[in-house]
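Enquirer: Let me give you the structure first, and then I'll get to my questions.
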Amino acid sequence: MPKLLDAIDAASVRIGQLAAWLGLGMVGAAVTVTLGAKVGALFGAPLRFVALDELQWYLFSATFLFAAPWALKEGAHVRVDVVQSRLGPRGRAWIDLIGGVVLLLPFALFAVYVTWPTAMESLRLREASPDAGGLARWPLKLAVPFAFGLLFLQGLSTTLRAGAVALGRAAADEATAGEAR
Amino acid sequence: MDHALGVAMFAVTLLLIFVGYPVAFTLAGSAMLFSAVGMAAGYFDLDFLSIFPERLFGIMGNSILLAVPYFVLMGTVLQRSGLAEDLLHTIGLLFGKRRGGIALAVVLVGALLAAATGVVGASVVSMGMISLPVMLRHGYSPTLATGTICASGTLGQIIPPSIVLIVLADQLGTSPGALFRGALIPGFALAGLYAAYVAFVAWRNPAAAPALPDEDLEVRGAALLKRVAFVLLPPLALILLVLGSIFAGWATPTEAGALGAFGAMILAALRRRLSFDALRGSVFETAKLTTMVVFLLVGSTAFTLVFTGLDGDLWIQGALTSLPGGRVGLLVITNLVVFGLGFFIDFFEIAFIVLPLVLPAAQELGITGEALVWFGVMLGLNLQTSFLTPPFGFALFYLRSVTPPEVPTSTIYRGVVPFIAIQAVALALVIAFPELVTALV
C-alpha cells in the first residue's frame, strides 16, 4: 500500500511540474499573437494567429488542471489556519482525513462523473473550434475528467496518509499535513 | 419561501472553512453535501449541478483570468532573479544620504514592484528580508521599519496592474482596464501619504530614521549613475510600459501581462541573472499560485450553483436590499463583512465567495457602470486595510516570519497603527468622493 501511495505522489509531482512548464509556452504563444496583431497593424495588416491564440488558454487550462494534484500534495491550496495552527500534527491530520473523505473525494468523483459524458460527446463529434483555423476542441474536453481523476487519486493518497497519522500509525510528514498559508 | 437549507448551507460552509481544510475543496465539497441533503428533502433539483461542466469550460476559456499567470510570472521572475533586490538596494543608495531614505525606498519599491505581483505575502516577505536588517543595523526605530514594510507590502493590492484588481474586475463583470484606471488615483495617493508620513517622522524624530553614514554609501558619483541606468531604469521602464500600454488602450491587461512576463525574462537574462534554478522556481510558483486561484473559483462555482438551487441567493439578496438605509446600509454591511473576513481569509476567497452574493443586491440598489468600478476599488482598499490590522492581519504574520526574534510582535503592531490611520482616511475619502475613482474611468 505505501508503495502505491508513493507512486501516486511521484506521478502527481511529475505531471504537475511538467504542466507548470507549459506556462512558458503560454507566454510564447501570447507574445507572438500580440506582437503579430500590434506590429502588423502598424503596417496596416494585423496578423491573426487563431490557433496560437487558442493555444494560450489550452495551455492555461492544462496547467491548472494538471497542476492541481501536485498543488494538493505540496499543500499549495490555501487554508484558513485559525483553528489549524492551534492543533498538533495529529489534530491537523484528523482535519485532512475527515475533509478528504467528506469534501474532496466526493467532489473529485462528482467532477469526473459529470464531465465524462461531455467529453465523450465532444470526442464522438470530433468537436472543433467555432473559429476557422482554430484548434480541435475535443482533446481539451477529454483532458478534464482525466485531470479530476488524477486529483481523486492524489486525494486518496493524501487522505490515507493523513489517516495513518491521525490514528497514530505513522509520524506526521510535512508534505501530507500541508503548509498553512 | 423556504430558505432554511440555503441559510444552513451558508453557515455550515463558513464554519467548515474555518476548520482549515483547503478552502477550494471545502466550498466544492459542501456543495456536494448540501445537494445530497437538498435532494433527500425534495428541495433540490440536480439540474442545477448539471451545468457545472459548462461553467468549468467558461473558467478555462476566460480571457481575463489568463492575465493572472502572466503577472505572477513577471513578478516572480523579477524577484527570483534578484532584480527586485537590486532595485531596492539602488533606490536605498540614491536616498540613503537623507534621513528616512531607506524607508522611502521601501515605500517606492512596494508601490512599483508589488504592483507587478499583487501578492501580499511575496512582497512583504521579500522586502522584509532585504530591507529590515539594513534599517535595523543603521539605527532605524523598529516600529517605523516594520510598519513601513508591512504597509508598503500591501500597496500592491491596490496599485495597478495587481492581480487582485484583475480578479475583482472578472467577478464584477467590468473591464480590468477600467478598474486599473479607477485605482490609479487612490493607489498613488496612498503611496504618497505613506511617503509623507515617513518624511514627517524623519523630520520630527531624526533618531528614528537616521541617514546612512558616508562609508555605507559604497557606490557614489559616476558609479551610482551607472547603477541607476542599468539596475533601476530597466525594470522601471518595463513596469511603466506594461501599465502605459494598458492605459493607452494599446493592449488588454492579458496581452500586456504576457509581454511584461516576457520582458522580465529578457531583462533577467541580459543581466545574466536568469539561472535555470531561478526560472524553474518562478515557473513552479506561478503554476501553483494560478492553480490555487483557479481552483478557488471552481470550488466557489460549485458552491454557488447549489446555493442558488436552494434559493440561498434570494435570501441573501432579500436581506441585503431591505437593509435600513438602502444603499448606505448595504455599503456599511459589505465593508464591515469584508473587513472582518479579511482577518481570516485571503483576498481571492473573499472575492469568489462574497462578491457573487453581494453583487445582485448592489446592482438592484443602482450600483452599476462607473459606480461598480468605484465599488470594486473601495473593497480593494478595505481589504488592504484589513490585511494590516492587528492582531490577525495577513501582512503582519508574513513580516513576523522574517523578523529577528529580538523585535517583539507588539512592535510590529505599534508600527502599523499610523499606516492604518492613513488607510482609514483614504478609504473614507474614496467612499465620500467617488470622483477620486471615477474621474479616470
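Enquirer: What are the pairs with Cβ atoms under 6 angstrom where one residue, in segment A:31-45, is within 11 Å of chain B (Cβ to nearest Cβ) and the other, located anywhere, is part of a helix (DSSP H, G or I)? Sequence gap at least six, or different chains.
Expert: Here the result reads A:Val31/B:Ala258; A:Val31/B:Phe262; A:Thr32/A:Leu52; A:Val33/A:Leu52; A:Val33/A:Asp53; A:Thr34/B:Glu255, each pair linking segment A:31-45 to a residue that is part of a helix (DSSP H, G or I).
Enquirer: Answer yes or no: is there a residue in segment A:143-161 that is more than 24 Å from A:Gly16 (Cα to Cα), under 21 Å from the mean Cα position of the chain (by Cα) and crowded, with 17+ Cβ neighbours inside 10 Å.
Expert: Taking segment A:143-161 first, the residues more than 24 Å from A:Gly16 (Cα to Cα) are none.
Scanning segment A:143-161, I find no residue that is more than 24 Å from A:Gly16 (Cα to Cα), under 21 Å from the mean Cα position of the chain (by Cα) and crowded, with 17+ Cβ neighbours inside 10 Å, so the answer is no.
Enquirer: Determine whether B:Leu274 is free of Cβ contacts under 8 Å to residues at least 60 places away in the same chain and among the aliphatic types (A, V, I, L, M). Before the answer, list the steps.
Expert: Details: free of Cβ contacts under 8 Å to residues at least 60 places away in the same chain: no; among the aliphatic types (A, V, I, L, M): yes.
For B:Leu274, the condition - free of Cβ contacts under 8 Å to residues at least 60 places away in the same chain and among the aliphatic types (A, V, I, L, M) - is not met.
Enquirer: Within segment B:318-353, can you find the residues that are assigned to a helix (DSSP H, G or I), closer than 21 Å to B:Ala395 by Cα and aliphatic (A, V, I, L, M)?
Expert: The initial filter retains those residues of segment B:318-353 that are assigned to a helix (DSSP H, G or I), namely B:318-321, B:327-341, B:347-353.
After this cut, where a residue has to be closer than 21 Å to B:Ala395 by Cα as well, the list is B:335-341, B:347-352.
Correct list: B:Leu336, B:Val337, B:Val338, B:Leu341, B:Ile350, B:Ala351.
Enquirer: From the list B:Ala251, B:Ala195, B:Ala258, B:Ala211, exactly one residue is surrounded by 13 or more Cβ atoms within 10 Å (Cβ to Cβ), modelled with pLDDT under 90 and closer than 28 Å to B:Leu179 by Cα. Which is it? Steps first, please.
Expert: Numbers: B:Ala195 fails: modelled with pLDDT under 90; B:Ala258 fails: modelled with pLDDT under 90; B:Ala211 fails: closer than 28 Å to B:Leu179 by Cα.
Answer to the selection: B:Ala251.
Enquirer: For segment B:304-339, how many residues are without any contact (Cβ under 8 Å) to a residue 12 or more places away in the chain and either in contact with a helix residue (DSSP H, G or I) (Cβ under 6 Å, 6 or more places away or on another chain) or within 14 Å of chain A (Cβ to nearest Cβ) (or both)?
Expert: 1
Rundown of residues vs (1) within 20 Å of B:Phe295 (Cβ to Cβ); (2) under 16 Å from the mean Cα position of the chain (by Cα); (3) surrounded by 24 or more Cβ atoms within 10 Å (Cβ to Cβ); (4) at pLDDT 95 or above, yes/no style:
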site: A:Glu54; (1), (2), (3), (4): no, no, no, no
site: A:Phe60; (1), (2), (3), (4): yes, yes, yes, yes
site: A:Phe64; (1), (2), (3), (4): yes, yes, yes, yes
site: A:Val82; (1), (2), (3), (4): no, no, no, no
site: A:Leu109; (1), (2), (3), (4): yes, yes, no, yes
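Enquirer: Condition first: outside any loop (DSSP other than H, G, I, E, B), at pLDDT below 85 and out of contact with any Phe, Trp or Tyr (no Cβ under 9 Å at 6 or more places or on another chain). Can you find one or more residues in segment B:96-104 that meet it? Steps first, answer last, please.
Expert: Restricting attention to segment B:96-104, the residues satisfying the condition of being outside any loop (DSSP other than H, G, I, E, B) are B:101-104.
Keeping just the survivors that are at pLDDT below 85 gives none.
No, there is no match, as no residue in segment B:96-104 is outside any loop (DSSP other than H, G, I, E, B), at pLDDT below 85 and out of contact with any Phe, Trp or Tyr (no Cβ under 9 Å at 6 or more places or on another chain).
Enquirer: Let me ask something else. When B:Gly244 is evaluated against the numbered criteria (1) under 28 Å from the mean Cα position of the chain (by Cα); (2) more than 14 Å from every other protein chain (Cβ to nearest Cβ); (3) without any contact (Cβ under 8 Å) to a residue 24 or more places away in the chain, which criterion, by number, is the only one it fails?
Expert: If we test B:Gly244 against (1) under 28 Å from the mean Cα position of the chain (by Cα); (2) more than 14 Å from every other protein chain (Cβ to nearest Cβ); (3) without any contact (Cβ under 8 Å) to a residue 24 or more places away in the chain, just (2) comes out false.
Enquirer: Taking the stated definitions as given, is B:His138 more than 21 Å from the chain's Cα centre (by Cα), surrounded by fewer than 24 Cβ atoms within 10 Å (Cβ to Cβ) and under 27 Å from B:Phe276 (Cα atoms)?
Expert: no
Enquirer: Do you know which of the residues in segment B:370-386 that are over 13 Å from B:Ser162 (Cβ atoms) and in contact with a Ser or Thr (Cβ under 7 Å, 6 or more places away or on another chain) is modelled with the lowest pLDDT?
Expert: Among those residues, the one meeting the criterion is B:Glu370.
Enquirer: Now a separate question. In segment A:66-111, how many are at the interface with chain B (Cβ under 7 Å from one of its Cβ atoms) and basic (Lys, Arg)?
Expert: 1
Enquirer: If you go through segment B:27-38 one residue at a time, do you hit one that is among the aliphatic types (A, V, I, L, M) and either modelled with pLDDT under 90 or in a loop (DSSP other than H, G, I, E, B) (or both)? Please lay out each step first, then the result.
Expert: Within segment B:27-38, the subset among the aliphatic types (A, V, I, L, M) is B:27-28, B:31-33, B:36-37.
Applying the additional criterion that residues be either modelled with pLDDT under 90 or in a loop (DSSP other than H, G, I, E, B) (or both) yields none.
Within segment B:27-38, not a single residue is among the aliphatic types (A, V, I, L, M) and either modelled with pLDDT under 90 or in a loop (DSSP other than H, G, I, E, B) (or both).
Enquirer: So, one more: Determine whether segment A:9-27 contains at least one residue that is open to solvent by 50 Å² or more (accessible area, probe 1.4 Å), out of contact with any helix residue (DSSP H, G or I) (no Cβ under 7 Å at 6 or more places or on another chain) and without any contact (Cβ under 8 Å) to a residue 12 or more places away in the chain.
Expert: Scanning segment A:9-27, I find at least one residue that is open to solvent by 50 Å² or more (accessible area, probe 1.4 Å), out of contact with any helix residue (DSSP H, G or I) (no Cβ under 7 Å at 6 or more places or on another chain) and without any contact (Cβ under 8 Å) to a residue 12 or more places away in the chain, so the answer is yes.
Enquirer: If you don't mind, there's one more thing I want to ask. Specify the residue that is farthest from B:Tyr398 (Cα to Cα); the eligible residues are those in segment B:140-174 that are in a loop (DSSP other than H, G, I, E, B) and not hydroxyl-bearing (Ser, Thr, Tyr). Outline the logic, then answer.
Expert: Our first condition is that a residue be in a loop (DSSP other than H, G, I, E, B); within segment B:140-174, this holds for B:140-141, B:156-162, B:173-174.
Remaining after also requiring not hydroxyl-bearing (Ser, Thr, Tyr): B:156-161, B:173.
On the way: B:Gly156: 15, B:Gln157: 15, B:Ile158: 18, B:Ile159: 20, B:Pro160: 22, B:Pro161: 22, B:Gly173: 32 Å.
The extreme case among them is B:Gly173.
Enquirer: Which ones in segment B:91-102 are in contact (Cβ under 8 Å) with a residue 12 or more places away in the chain and either within 13 Å of B:Ile130 (Cβ to Cβ) or open to solvent by 10 Å² or more (accessible area, probe 1.4 Å) (or both)? Show your work before the answer.
Expert: Initially, segment B:91-102 is screened for residues in contact (Cβ under 8 Å) with a residue 12 or more places away in the chain, giving B:91-94, B:96-102.
Matches in segment B:91-102: B:Ile91, B:Gly92, B:Leu93, B:Leu94, B:Lys97, B:Arg98, B:Arg99, B:Ile102.
Enquirer: Another question, if that's okay. Do you know which residues across segment B:50-89 are part of a loop (DSSP other than H, G, I, E, B) and of a type in the set (S, T, N, Q)? Give the derivation first.
Expert: First pass over segment B:50-89, keeping only residues part of a loop (DSSP other than H, G, I, E, B): B:51, B:61-66, B:81-82.
Of everything in segment B:50-89, those that are part of a loop (DSSP other than H, G, I, E, B) and of a type in the set (S, T, N, Q) turn out to be B:Asn62, B:Ser63, B:Ser81.
Enquirer: Are there any pairs with C-beta distances below 8 angstrom linking a residue in segment B:207-227 that is closer than 12 Å to B:Leu94 by Cβ to a residue that is at pLDDT below 85 and charged (D, E, K, R), with the two at least 6 apart or on different chains, and if so which?
Expert: Within 8 Å, the pairs are B:Leu212/B:Lys97; B:Leu217/B:Lys97; B:Val219/B:Arg227.
Enquirer: Looking at B:Phe52, B:Phe71, which one is facing chain A (nearest Cβ under 9 Å) and either open to solvent by less than 10 Å² (accessible area, probe 1.4 Å) or over 25 Å from A:Gly99 (Cβ atoms) (or both)?
Expert: Answer to the check: B:Phe52.
Enquirer: Separate question: Considering each of B:Gly177, B:Gly249 in turn, give the residue that is in a loop (DSSP other than H, G, I, E, B), more than 15 Å from the chain's Cα centre (by Cα), in contact (Cβ under 8 Å) with a residue 40 or more places away in the chain and over 27 Å from B:Phe343 (Cα atoms).
Expert: Details: B:Gly177 fails: in a loop (DSSP other than H, G, I, E, B).
After ruling out the rest, the residue left standing is B:Gly249.
Yes/no matrix, rows are residues, columns are (1) part of a helix (DSSP H, G or I); (2) open to solvent by less than 50 Å² (accessible area, probe 1.4 Å); (3) over 30 Å from A:Ala51 (Cα atoms):
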| site | (1), (2), (3) |
| --- | --- |
| A:Pro69 | yes, yes, no |
| A:Ala76 | no, yes, yes |
| A:Pro117 | yes, no, no |
| A:Glu121 | yes, no, no |
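The values are calculated or read from the model by the stated rules, or taken from the named source; none is laboratory data. Source: prediction; values computed, not measured. Using ideal geometry, Cβ is built from the backbone for each residue, glycine included, and neighbour counts are taken over all protein chains shown. Note: accessible area is taken over every heavy atom of the protein model, side chains too, but ligands, DNA and RNA are not part of it. Shrake-Rupley method; radii C 1.70, N 1.55, O 1.52, S 1.80 Å.
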